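I have placed the structure first, in the form of structure tokens, so that the comments after it can refer back to it.
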Amino acid sequence: MHRTISAISIAVLAVSLSGCGAGQNASTRQINQVTDGVEASITQDGNNIKIVNLLVVAAPGGNAVLVGTIVNSGDAEDFLLGVAINGTSATYTGVNVLPKNTPIIFEGERANAKVVLGGFGAPAGSRVQVGLFFAKAGVVNLDAIVREASEEYAGITAGEILPTPTPSPTATK
């Protein structure tokens, strides 16, 4: 009998101490954003574009550099026409074509595009508006955090501009 009571007590204690007893409103189930970067989706009018981990790095020399990834999961190809940071058009170089499942990546080893804004004065830790302008999907505005060019963002600079985007051939009928 003593063993049965001990086993039941241990089971009750284990359930109450683990997150299982907290139910649907447990604090561990309320996590909304696990990275500094913001995310958005454009899914209306046949579009299926996802913006992932988008943030701005305050790079040396008063520059802002965009970090993040854009993926088009829709069947129709789209184009990223430009980017604005805090209402000012930024310099965009590299790939701007968004075919299905081929991402545009800003910064990092696999980067294929770069966005730089000179004369940037927002401090690290603040938030800025980033506007992304797509040919078919339209405009999406995000409230992105500004990070300092240190730690995982230490190698991000305004230098190393990628080649100017070239339009992809489109089929004609």
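Every number in this text was worked out from the coordinates using simple rules, so none of it is lab data. The shown structure was predicted, so the numbers you read here are calculated from the model rather than taken from an experiment. As a convention, Cβ positions derive from the backbone with ideal geometry for all residues, glycine included, and neighbour counts pool all protein chains shown.
For segment 104-113, what does the Karplus curve 6.51 cos²θ - 1.76 cosθ + 1.60, with θ = phi - 60°, yield as ³J(HN,Hα) per residue in whole Hz, taken in order and with x for Gly and Pro?
9, 10, 9, 6, x, 5, 9, 4, 10, 8
Given labels modelled 7 Å from the Cα in the Cβ direction, how far is it in nm from E152 to F133?
A separation of 3.1 nm, rounded to one decimal place.
Between L81 and A40, with labels modelled 7 Å along Cα→Cβ, what's the label distance in nm to one decimal, could you check?
1.5
Which aspartates and glutamates have a Cα less than 13 Å from the Cα of K136, not counting those fewer than 8 places away in the same chain?
K136 reaches D45, D75, E77, D78.
Starting from the amide H of N96, placed 1.01 Å from N in the peptide plane, find each other amide H under 5 Å away whose residue is 5 or more places distant or on another chain.
So N96 has HN proximity to T166.
Once phi is turned into ³J(HN,Hα) by the Karplus curve 6.51 cos²θ - 1.76 cosθ + 1.60 with θ = phi - 60°, what whole-Hz value does each residue of segment 125-142 show in order, with x for glycine and proline?
The phi angles translate into x, 7, 10, 10, 8, 10, x, 10, 10, 9, 5, 9, 7, x, 10, 10, 10, 10 Hz.
Sorting K136, K114 on the 10 Å Cβ count, fewest up front, what's the list?
Ordered from fewest to most neighbouring Cβ atoms within 10 Å, K136, K114 come out as K136, K114.
Please list, in order along segment 96-103, the HN-Hα scalar couplings obtained from phi with the Karplus expression 6.51 cos²θ - 1.76 cosθ + 1.60 (θ = phi - 60°), rounded to whole Hz, x for Gly and Pro.
Along segment 96-103, the couplings run 10, 8, 10, x, 4, 6, 10, x Hz.
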